[in-house]
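All remarks here apply to the structure that follows.
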Amino acid sequence: MNWELIWREHGREIFAYVYTRVRNKEEAEDLTQEVFVKAIRSGERYQEGSVNVVALLKTIAKNLIIDKWRTKGTAQIFPLSEEAGNHSSSENVEKLIEEKDEIKRALSILNEDQLKVVTCRLIQGHSVKETAALLGKNESTVKVIQFRAIEKMKNKLHQMPAGRDQ
């Protein structure tokens with residue numbers, strides 16, 4: 001396969017695909033580069049025309065993004081807001097940290113599928129359709145997983161006193 005031509009024709013499309021999911025330019029650039037490196041390394045397995053190159057690249061991208069989520073864990077899902085640095089009141093910062101900790105505790109009770117769906121839908125703002133495509137599930141399954149995850153988190157948040165681990 002002519003990877004230079006594939007890069008010129010599809011590089012931007014793959015970057016856009018990754019960027020809409022990670023919402024960070026530098027991370028999207030790094031992941032896009034990783035996608036093409038993996039594709040080139042596995043390229044000997046595919047004959048020109050025997051595979052939809054864009055589908056292959058997007059599948060590699062999806063898997064890399066999911067791997068990145070797994071390695072980051074929930075601690076990196078909620079970085080402290082930049083706004084916190086702009087507040088002069090330490091009370092506001094403490095409140096933000098406390099809220100972040102409560103959310104992390106609520107997320108900690110979710111199973112892997114629930115965490116992925118909540119991350120896609122509520123944190124990254126993807127639609128049900130995008131989330132389903134990204135995770136390889138159908139839309140109704142995503143809706144059910146999201147509903148159950150939210151119920152589970154609501155119950156956890158109602159059970160714990162503010163600012164204290166359970």
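No lab work stands behind these numbers, since they all come straight from the coordinates. Quick caveat: nothing in here was measured; it's all calculated off a predicted structure. Here the Cβ is made from the backbone with ideal geometry for all residues, glycine too, and neighbour counts use every protein chain on show.
Return the whole-Å distance between the Cα centroid of segment 20-43 and the Cα centroid of segment 109-129.
Cα centroid of segment 20-43 versus Cα centroid of segment 109-129: 21 Å apart.
Here are some pairs, 116/137; 38/143; 116/156; 25/154; 68/154; 104/129; which of them have Cα atoms lying more than 22 Å apart in this structure?
Over 22 Å apart, Cα to Cα: 38/143; 25/154; 68/154; 104/129.
Quick one: what does P(r) look like for segment 3-72 with 5 Å bins over all Cα pairs, in whole %?
3, 17, 31, 25, 14, 7, 3, 0
Using the per-residue mean of other Cβ atoms lying within 10 Å as a proxy for protection, in what order, highest first, do the peptides 115-124, 7-16 fall?
Values: 115-124: 20.3, 7-16: 14.8.
Those peptides, ordered most packed to least, come out 115-124, 7-16.
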